[in-house]
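Peer 1: Let me give you the structure first, and then I'll get to my questions.
The values are calculated or read from the model by the stated rules, or taken from the named source; none is laboratory data. Since the model is a prediction, treat every value here as computed from it, not as a measurement. Please note: Cβ atoms are built from the backbone with ideal geometry, for glycine as well, and neighbour counts cover all protein chains shown. Surface areas here come from the heavy atoms of the whole protein model, side chains and all, with no ligands, DNA or RNA. Shrake-Rupley method; radii C 1.70, N 1.55, O 1.52, S 1.80 Å.
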Amino acid sequence: MSLNEQIEKITDSMDLTAPAPEDEPYRQYFFIRKAREQFRALSEETGRPLTFDVVTFGCQMNARDSEKLRGILEEIGFVKSDSEDADFVIYNTCTVRENANTKVYGRLGGLHALKNRNPHMMIGLCGCMMQEPEVVETIREKFDFVNLIFGTFNIYKLAELISRVLDHPDEMIVDIREKADRTVEALPVDRTYAFKSGVNIMYGCNNFCSYCIVPYVRGRERSREPVDIIREIEKLADDGVKEIMLLGQNVNSYGKTLDQPVSFAELLSEIAGIDGLKRIRFMTSHPKDLSDDLIRVMADHADVICPHLHLPLQSGSTEILKNMNRHYTKESYLALVDRIRAAMPDISLTTDIIVGYPGETEEDFQETLDVVRKVRYDSAFTFIYSKRSGTPAAVMDDQVPEDVVKDRFGRLLTEVQEIGRERTARFEGQTMDVLVEHVNEQDTSLVTGRLANNIVVHFPGSEDLIGEIVPVKLDKCHGFYYIGSRA
Ligand code: SAH
Ligand code: SF4
Ligand code: F3S
C-alpha cells in the first residue's frame, strides 16, 4: 500500500465527535477528515468540485514543500488546476533577493481581481517571505483580501489551518512560528513527476553567510534521521522513482547534530545501495564542508551518483569570502576543485556567484573572473547582490554603486556563458543516457530530458518515453542543450 493510501485509511477512521488529538501526525489526519467534511458542504453549495493551485517561487526546498501542500489539499478533496483562476490559490514564496518579494506583491494584485469575480476564492501565502514580520505587516495593510498566512515551520499544519479558514472565511488567519517545534513525518505528498523526487535530508542552515536571509527564515539546521530518509527513498523506489535529489542548504554538514552523528558521505553511500534507484543527485554542497570521503563515495558509486556537483563560489576574492563568512579561500576552493577532478575527471561543475557584494573592488572582481576561468564551470547562476534587511551585509557602509555592479555583472555573464558553451559541447557526437522528463513545449515531436550530468537534451520521441532512460546520440550542441537522436 502506498503512503497516500495508508494515510487515507487512517484519516477515514478518525472520529470527528472526539476532540482533535494532540499528537502529530494524527492531529493533521483528524483535520484532513474535518476539512473534507467542511469542504464537501461548500462544494455542494457551489455545485461543482473546488479547485486549487499552488504556485512555487524560489528553490528546490520550496518545490518539495509545495508537493507536500498539494498532497494535503488533494487529500481534503480539492482538484488540481493549472491556473490561478482556482478556488484556493497558495503562493509558496521566496525572499532570498529583493526581486523575489517584488514579484509576489505584483502578482497579488492579479489575484485580487480574480477573487472579486469568485466569491468562494481563498488565498493563502506561505514560505520564506512570510517569516519576515514586515512582510506580514504589509500584507495586513495592503492585501487584506488574503485568507491565510503561514510560514516555513508549519506547512504540515495546512489541513488544520484550512479548517479554520473554512470556519472563518471573512478573517485573515495568520500562523507564523519563530522556529521549528517539530518535524512531522508521514503526511501525504503529491509528486510533480512520477519518476523523480526531491527528498529533504535536512532543514534550515547554521552558516549565516553575511548576505543571506535563509538562516533567519528557515531556522537552525536540523537533520532527519537516516532511517526516516532511507525508508522514504525505498518507498519512492518501490513506487517507480528512478532519480532522487537529496535536499539541504548545506548537505555536507548533514548529520552533525544527530544524537548518533552520521556524515553525508556515509548517508550517501547507504542510499547508493537502494535497489531500483538509477540516479542520485544532491544540493547544495558548501565548499567548506566537502570531505574527501564524499569525493570517494561519489567516485566509487559513479554508476548511480550523478557526475555533477553544484559548488557555490559566491566570490573568488579571499578577502570578500572572509567578509561573507564563507570559511574558505580562493586557493582552498581551487584545491578542492582539483581534488574533485582528480577523482572524477569528467564531472560537471556548476556554481552560484554574487556580484557587487559590499566593498567589492575591481581587483576582487578580477579574482572572481580568475576562478571562473580556472575552474571552467559547465554553467553558473550569477546574481546581483541584493540587500536583505536583518543580515549583517545590509548595514555595511561600502555598498557598490549600481552602474559599477551592472558593468561587472555583464562582464561576468559573458565569460560564464562563453565557457559554459565550450564545456557543454564536449560530449558532441557521443551517445549517453537521457532520463526523459516531458514532451517538448515548443515542438511536440520532441521530448526533453537530462543527462546524468544535468545537461538538457531534446530528441524526437513521444509521450510514452516519459520516465524512461534511453541512450541518445548527442548530435549537436546548441549552447546549453543538445539536439540528439535515438541511438
Ligand atoms: N545554501 C546554498 C544557497 C542558497 S541561496 C549555498 O550556500 O550555496 C542560493 C543562492 O542565492 C546563493 O548561493 C547565493 O549565490 C544567492 N544569494 C543568496 N543571498 C543573496 C543576496 N542577498 N543577494 C544576491 N544573491 C544572493
Ligand atoms: Fe545562505 Fe550561506 Fe546558508 Fe547557503 S550556506 S543558505 S548562502 S547562509
Ligand atoms: Fe528562497 Fe527560501 Fe529557498 S528564501 S531560495 S525559497 S530557502
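Peer 1: Tell me, which residue of the stretch 84-122 that is touching a Cys at 6+ places or on another chain (Cβ under 8 Å) and within 18 Å of residue 67 (Cα to Cα) is nearest to ligand 1 (Cβ to nearest atom)?
Peer 2: Among those that are touching a Cys at 6+ places or on another chain (Cβ under 8 Å) and within 18 Å of residue 67 (Cα to Cα), it is 94.
Peer 1: Pairs needed: first member in the stretch 99-112, on the phi > 0 side of the Ramachandran plot and within 16 Å of ligand 2 (Cβ to nearest atom); second member anywhere, modelled with pLDDT of 95 or more and open to solvent by less than 60 Å² (accessible area, probe 1.4 Å); C-beta distance under 6 Å; at least 6 residues apart or different chains.
Peer 2: none
Peer 1: Just give me the residues in the stretch 92-128 being within 12 Å of ligand 3 (Cβ to nearest atom), hydrophobic (A, V, I, L, M, F, W, C) and either modelled with pLDDT of 95 or more or open to solvent by 40 Å² or more (accessible area, probe 1.4 Å) (or both), in sequence order.
Peer 2: Quick first cut of the stretch 92-128, residues within 12 Å of ligand 3 (Cβ to nearest atom) only: 92-101, 103-104, 126-128.
Then drop every residue that is not hydrophobic (A, V, I, L, M, F, W, C), which leaves 94, 96, 100, 104, 126, 128.
Of everything in the stretch 92-128, those that are within 12 Å of ligand 3 (Cβ to nearest atom), hydrophobic (A, V, I, L, M, F, W, C) and either modelled with pLDDT of 95 or more or open to solvent by 40 Å² or more (accessible area, probe 1.4 Å) (or both) turn out to be 94, 96, 104, 126, 128.
Peer 1: I would also like to ask the following. Name the residue, out of 431, 351, 382, that is open to solvent by 50 Å² or more (accessible area, probe 1.4 Å) and modelled with pLDDT of 95 or more. Working first, answer last.
Peer 2: Working: 351 fails: open to solvent by 50 Å² or more (accessible area, probe 1.4 Å); 382 fails: open to solvent by 50 Å² or more (accessible area, probe 1.4 Å).
Step by step, each of 431, 351, 382 is checked, and only 431 is open to solvent by 50 Å² or more (accessible area, probe 1.4 Å) and modelled with pLDDT of 95 or more.
Peer 1: Inside the stretch 75-91, can you point out the residues that are in contact with a His (Cβ under 8 Å, 6 or more places away or on another chain) and open to solvent by 10 Å² or more (accessible area, probe 1.4 Å)?
Peer 2: Hits for the stretch 75-91: nothing passes.
Peer 1: Any residue in the stretch 27-41 that is polar (S, T, N, Q) and farther than 30 Å from residue 354 by Cβ?
Peer 2: yes
Peer 1: Filter the stretch 278-291 down to the residues that are within 15 Å of ligand 1 (Cβ to nearest atom) and either open to solvent by 50 Å² or more (accessible area, probe 1.4 Å) or assigned to a helix (DSSP H, G or I) (or both) and list them by number.
Peer 2: 287, 288, 289
Peer 1: Further question on the same structure: Report the residue count in the stretch 297-326 for those that are out of contact with any Ser or Thr (no Cβ under 7 Å at 6 or more places or on another chain) and at positive phi.
Peer 2: The number of residues fulfilling the criteria is 1.
Peer 1: If residue 192 passes every condition in (1) more than 28 Å from residue 450 (Cβ to Cβ); (2) out of contact with any strand residue (DSSP E or B) (no Cβ under 8 Å at 6 or more places or on another chain); (3) in a loop (DSSP other than H, G, I, E, B) but one, which one does it miss?
Peer 2: (1)
Peer 1: Just to be sure, is residue 215 out of contact with any strand residue (DSSP E or B) (no Cβ under 7 Å at 6 or more places or on another chain) and within 13 Å of ligand 3 (Cβ to nearest atom)?
Peer 2: yes
Peer 1: Look at residue 125 and say whether it is away from ligand 1 (no atom under 16 Å from the Cβ) and either part of a helix (DSSP H, G or I) or more than 28 Å from residue 11 (Cβ to Cβ) (or both).
Peer 2: Answer is no for this residue.
Peer 1: Is it true that some residue in the stretch 437-449 is modelled with pLDDT of 95 or more, crowded, with 16+ Cβ neighbours inside 10 Å and within 30 Å of residue 333 (Cβ to Cβ)?
Peer 2: No, the conditions are met nowhere in the stretch 437-449.
Peer 1: Now for a different question. Can you name the condition, by its number, that residue 480 falls short on among (1) modelled with pLDDT under 95; (2) open to solvent by 60 Å² or more (accessible area, probe 1.4 Å); (3) farther than 22 Å from residue 283 by Cβ?
Peer 2: (3)
Peer 1: Moving on. Against the condition among the small types (Gly, Ala, Ser) and either open to solvent by less than 10 Å² (accessible area, probe 1.4 Å) or in contact with a Ser or Thr (Cβ under 8 Å, 6 or more places away or on another chain) (or both), how does residue 248 come out, does it pass?
Peer 2: It is true that residue 248 is among the small types (Gly, Ala, Ser) and either open to solvent by less than 10 Å² (accessible area, probe 1.4 Å) or in contact with a Ser or Thr (Cβ under 8 Å, 6 or more places away or on another chain) (or both).
Peer 1: Hey, among 162, 229, 233, 139, which residue is under 30 Å from residue 356 (Cβ atoms), away from ligand 1 (no atom under 16 Å from the Cβ), part of a helix (DSSP H, G or I) and open to solvent by less than 10 Å² (accessible area, probe 1.4 Å)?
Peer 2: 139
Peer 1: Say whether the condition of being within 21 Å of residue 382 (Cβ to Cβ), part of a strand (DSSP E or B) and under 25 Å from the mean Cα position of the chain (by Cα) is met by at least one residue in the stretch 355-369.
Peer 2: Yes: one or more hits.
Peer 1: Exactly one condition in (1) surrounded by 21 or more Cβ atoms within 10 Å (Cβ to Cβ); (2) closer than 30 Å to residue 250 by Cβ; (3) out of contact with any Leu (no Cβ under 6 Å at 6 or more places or on another chain) is false for residue 71; which is it?
Peer 2: Only one criterion is unmet by residue 71, namely (1).
Peer 1: Turning to a different aspect of this structure: Would you pick out the residues in the stretch 5-38 that are open to solvent by less than 80 Å² (accessible area, probe 1.4 Å) and either over 30 Å from the mean Cα position of the chain (by Cα) or farther than 22 Å from residue 155 by Cβ (or both)?
Peer 2: Listed by number, the residues that qualify are 14, 16, 18, 20, 21, 34, 37, 38.
Peer 1: Please go through the stretch 292-314 and pick out each residue that is within 16 Å of ligand 1 (Cβ to nearest atom), out of contact with any His (no Cβ under 9 Å at 6 or more places or on another chain) and assigned to a loop (DSSP other than H, G, I, E, B).
Peer 2: If the condition is that a residue be within 16 Å of ligand 1 (Cβ to nearest atom), out of contact with any His (no Cβ under 9 Å at 6 or more places or on another chain) and assigned to a loop (DSSP other than H, G, I, E, B), then 313 is the only one that fits.
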